[in-house]
Amino acid sequence: MTRTLTFPAPAPAEAAAYFAAELGFEVDPDDLARDLDAGRTEGYVIVETRAPEAFAQAHLPGAINLPYRDMTRESTAHLDRDLVYVCYCESSNCNAATKGALKLAELGFQVKRLSGGIAGWRAAGYPVEAHGEPGTTGIRCAC
């Protein structure tokens, strides 16, 4: 028996349901960048879940900063509950986006997570809005 097939693949219908659900939870940098380039920004808000210092250094175009540590019913009262909040953090090695998405979901918001965070976004060659010192990368966890 190969290691690859130690656990048998699920039936096609089961696999389809699993992967469809996975896509409901995440968006990849390419899909988000294409939407932004085309001006298709209705229905969602991009949320930087890291600390304000990281957001000030570099963030995705149009993103708002809502650090996951500061998310409460009061701090999110101004947010539109009809929108989807796309959370991101530093990278797949950071879980601030997951923590932020969890908090927002617990507060009754619809959420998704950006695959790979800002590091994945930049690695794919997409621009950031940067306000840091010249020469800084703008990439640090800061969560």
(Q) Which numbered condition in (1) touching a His at 6+ places or on another chain (Cβ under 6 Å); (2) crowded, with 17+ Cβ neighbours inside 10 Å is the only one that ALA56 fails? (A) (2)
Q. Out of the residues in segment 102-121 that are free of Cβ contacts under 8 Å to residues at least 60 places away in the same chain and in a helix (DSSP H, G or I), which is surrounded by the fewest Cβ atoms within 10 Å (Cβ to Cβ)?
A. GLU106
Q: Look through segment 91-101, keep the residues that are touching a helix residue (DSSP H, G or I) at 6+ places or on another chain (Cβ under 7 Å) and under 13 Å from ARG50 (Cβ atoms), and return whichever of them is surrounded by the most Cβ atoms within 10 Å (Cβ to Cβ).
A: ALA97
Q.
If I ask for residues that are in contact (Cβ under 8 Å) with a residue 12 or more places away in the chain, under 17 Å from ARG113 (Cα atoms) and charged (D, E, K, R), which ones from segment 28-82 would you list?
A. ASP28, ASP30, GLU48, ARG50, ARG69, ARG81
Q: Identify all residues within segment 74-90 that are under 24 Å from ARG40 (Cα atoms) and either in contact with a strand residue (DSSP E or B) (Cβ under 6 Å, 6 or more places away or on another chain) or surrounded by fewer than 22 Cβ atoms within 10 Å (Cβ to Cβ) (or both); write none if there are none.
A: THR76, HIS78, LEU79, ASP80, ARG81, ASP82, LEU83, VAL84, TYR85, VAL86, CYS87, TYR88
**Q.** Within segment 37-91, tally of residues that are in a loop (DSSP other than H, G, I, E, B) and in contact with a Cys (Cβ under 9 Å, 6 or more places away or on another chain)
**A.** 8
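Quick note: the coordinates plus some simple rules give every number you see, no bench work behind them. On a predicted model such as this, the values are computed, not experimentally measured, just so you know. A quick note on method: Cβ atoms are made from the backbone with ideal geometry, for glycine too, and the neighbour counts reach across all protein chains shown.
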